[in-house]
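Written below as structure tokens is the structure these notes are about.
The values are calculated or read from the model by the stated rules, or taken from the named source; none is laboratory data. Bear in mind that the values here come from a model prediction, so they are computed numbers and not experimental data. Neighbour counts run over all protein chains shown; Cβ positions are idealised from the backbone, glycine included.
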Amino acid sequence: MAKDLKSFAREKLSQISEKLKVSEKEAEKVLDGHKTEEENIKSAYEKYKKLSKNDLLKEFLTQIENKKKAGKFNRSEVENIAKRITPMLNNEQKQMLKSILDSI
């Protein structure tokens, strides 16, 4: 089974490299980047999962303030993230997100 899975992965990698018109090594770098992003999301989840709603909000606002002070705050990036997560929220959460976005 492992050999079949490896063959499948290699075939998919080859298909991706053909579609992207890059070498298989370049395609592997793209895939590795997605793994890193997934690991970052998991890490952030583990870091924040035990925080209360108020503590999480404080942390978020602190990070926004720090980014603003450092000149690295990007409102459109925050709005894009909000647009992606809004469909997963209930009405109360959507209202809270809107009020947070209005305050930053």
Would you confirm whether or not the range 7-30 contains a residue that is at pLDDT 75 or above, part of a helix (DSSP H, G or I) and touching a helix residue (DSSP H, G or I) at 6+ places or on another chain (Cβ under 8 Å)? no
Given (1) outside any helix (DSSP H, G or I); (2) modelled with pLDDT under 85, identify the lone condition not met by Lys72. (2)
Residues that are part of a helix (DSSP H, G or I), modelled with pLDDT of 85 or more and of a type in the set (Gly, Ala, Ser): does the range 75-94 have at least one? yes
Looking only at the range 49-104, which residues are aliphatic (A, V, I, L, M) and touching a residue at least 12 places away in the same chain (Cβ under 8 Å)? Leu57, Leu61, Ile64, Val78, Ala82, Ile85, Leu97, Ile100, Leu101, Ile104
